[in-house]
């Protein structure tokens, strides 16, 4: 007797299950590679045994009520999952995008605010001088990152407008360089902590 194929095992699992919503991960225990499982699920979709409604989410074709389907998918995925599903041509976004800033965004904003405060309080000659002194000390102490090469070129050869553009710019290069800003020590520690 032949061993059942992955497709046969999938059909058997779906028929035995009381669920109406299936996740791709429900079938991993049946064996096969990622690609084999994808082909088997496609075969089941073609045979109308399941309907793919979103990334890794499948429904029984008998579940046609959109509200009921969305409710069941939401219960199955949990509250925190953000996923788009399409049931009977109706696309629904599950979960709400987070409005909270992540830690890196907070740090980026903080570095920008510090740079703006430094520009408000100090002339560019002082900012350039402190930056070069800091970088000289760091290089002597063996503390060096590639961004300091860019800062050194900017502080020695760049125009005032170029220095200001990097210190206050919101582009990726400015943001990246501010992560290794050489003008530290100009603001009082209490002011830095308040930012």
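FYI, it's all coordinate maths here, none of it is from the lab. Quick caveat: nothing in here was measured; it's all calculated off a predicted structure. Quick reminder, even Gly has a Cβ in these numbers, built from the backbone with ideal geometry, and neighbours come from all protein chains shown.
Just a few scattered comments:
- Angle in degrees between helix 124-140 and the longest Cα principal axis of the chain, rounded to the nearest 10: 70 degrees
- 18 Å reach of a label modelled at residue 82, 7 Å along Cα-to-Cβ, counting backbone N of region 25-61: 54-56
- Calculated [θ] (222 nm, deg cm²/dmol) that DSSP helices of n ≥ 4 give over the chain, each run adding -39,500 (n - 2.57): -17000 deg cm²/dmol
- Point-to-point label distance, residue 107-residue 3, nm (Cα→Cβ direction, 7 Å offset): 4.9 nm
- Sorting 177-189, 145-157 by their mean Cβ neighbour count within 10 Å, with the most densely packed peptide first, gives 177-189, 145-157.
- Angle in degrees between helix 34-46 and the longest Cα principal axis of the chain, rounded to the nearest 10: 50 degrees
- Maximal additional length on extending the residue 150-residue 34 stretch stands at 37.3 nm, based on 0.36 nm per residue less the C-alpha distance.
- Three-way shape label, the chain, alpha-carbon gyration tensor, a/c 1.5: prolate
- For region 125-163 versus region 1-70, the inter-centroid distance based on Cα atoms is 59 Å.
- Principal semi-axes of the equivalent ellipsoid, √(5λ) from the alpha carbon gyration tensor of region 6-94, are 21, 14, 12 Å from largest down.
- Over region 103-194, the Kirkwood radius and the radius of gyration, each from Cα atoms, give a ratio Rg/Rh of 0.93.
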